[in-house]
Structure formats: structure tokens, C-alpha cells
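Here's the structure we're looking at; comments come further down.
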Amino acid sequence: MLPLNMAFDKPLVIDTRTLPWQASPSPGVWRKRLECVAEELGHVTSLVRYEPGSRFPNHGHPAGEELLVLEGVFSDESGHFEAGSYLRNPPGSGHAPGSEPGCVLLVKLCQFAEDDGQSLVIPGLLGSPSRELHRHGAERVCWFRLQPGEDLPPQPFSCEFFLVDGALEGPRHRLSGGHWCRFPAGVCPPLRAKQPSLVWLKSGHF
């Protein structure tokens, strides 16, 4: 049923490993929708899996695309991007993406600020320390490498995060790799790493 998970005033915690892969319009490309406003249109956050050798037809992103390569190698006309690469394709961009070895991505569509036209490619995050990846107005995108006993920094603004690897625990949550969470402003709970953990986090954008 669409729209899916578009009530941004409510906390949302999803173990993406429990969701089934669903076919996309392109053969060999599969997805798990996490939030979506309409079928093949508008705001969407999803996991996308390319089978080896699969491609998606050339298409545009009139409202921008943001993606994190989780596994494998993602490719388009601008290059080849290994796991741990973060890309921002601004409004008006387009490409014909694919993957020779196969890949899994976290993809966000139609979620750019209207005046944010920055194109961005940051590789090598799997070996990177904690760092800020992007900032525009109140919006921030960060990468966190947490050691056991280290806390995820408090998030006063609305936020979402994907736990790429590791385990986080709090008073009401036990999260492991593959969890995607979204919290309204001031609601993100305290979370502490129980083992080495990698977290992609975006805040201040809804």
C-alpha cells in the first residue's frame, strides 16, 4: 500500500533484512522500499540490489538522487564506485547505472533542497574515521565509526540512519547491521555501540 511510511512525526525502526526483495521495472534490479510517496514517482528511500551484469535504462533525476554503496561495485558514465562510496547526484542530473559484479545500494530520491546543486563523490568510507560528508542549511550527512562503548552523538534535529555494520543498543532498542531508523526532532534515543559499528546518518532534512 502506498504511500509507505510517510508519517514523519512518528519514530520508525526497520530491520531491512526481514523485508523481501521486490522486482523493479528493470530486469535483474531489485529493491526494498523503506519510505515511498507513490509508485515510481517522488520521494522514496529504498535498498536496491543489482544482479551481476544488470543495468537500469538511462533516466533523469529532476529532484536529485543520493546513494551509499553497501556491497559490490556500482557504475555509471562517471565511473565505478566500490562499497563505502557516497554519491550525490543533484537535481537535473541523469545516468544509465549498472553493475558488472553486482551491488547493493541505499538510495534516496527527490530529497534534495531546491537550492542544493552540489554533486559529490566520496569513496572509501568503510575504512574512514567519523566525518561529515555534506552540509546544506540545517541538513547534515555524517559517517560514524564507533568503537564498543562509544555513543552515537545526540541528534537534536530530525534524523535517519542506516546501521551498515555492527550493533547499537539503547533503553528500548537493540539494532544490528541492516537496521534503518528514522526519528522526529528530539526523539532519537541514546544508543551505544556494543561492537565496532559503522553508521550513515542524515539529519535536519524533514
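The values are calculated or read from the model by the stated rules, or taken from the named source; none is laboratory data. Keep in mind it's a predicted model, so treat the numbers as computed, not measured. With ideal geometry, Cβ positions are generated from the backbone for all residues, glycine too; neighbour counts draw on all protein chains shown.
Scanning the range 60-78 for residues that are aliphatic (A, V, I, L, M) and buried (at least 16 other Cβ atoms within 10 Å of the Cβ) yields Leu67, Leu68, Val69, Leu70, Val73.
I'm trying to understand the selection: among the residues of the range 139-184, which are touching a Cys at 6+ places or on another chain (Cβ under 6 Å) and either surrounded by 21 or more Cβ atoms within 10 Å (Cβ to Cβ) or more than 15 Å from Leu201 (Cβ to Cβ) (or both)?
Listed by number, the residues that qualify are Gln155, Cys159, Phe161.
Checked against (1) part of a loop (DSSP other than H, G, I, E, B); (2) in the same structural domain as Phe56 (by TED's automatic domain parsing); (3) modelled with pLDDT of 95 or more, Pro148 passes all but condition (2).
Of all the residues in the range 134-155, those that are farther than 18 Å from Ser78 by Cβ and either acidic (Asp, Glu) or under 15 Å from the mean Cα position of the chain (by Cα) (or both) number 8. Checking each residue in the range 6-60 for being among the aliphatic types (A, V, I, L, M) and assigned to a strand (DSSP E or B) picks out Leu12, Val13, Ile14, Ala23, Val29, Leu34, Val37, Ala38, Leu41, Val44, Leu47, Val48. Screening the range 10-59 for residues that are among the acidic types (Asp, Glu) and surrounded by 11 or more Cβ atoms within 10 Å (Cβ to Cβ) and picking the one that is nearest to His95 (Cα to Cα) gives Glu51.
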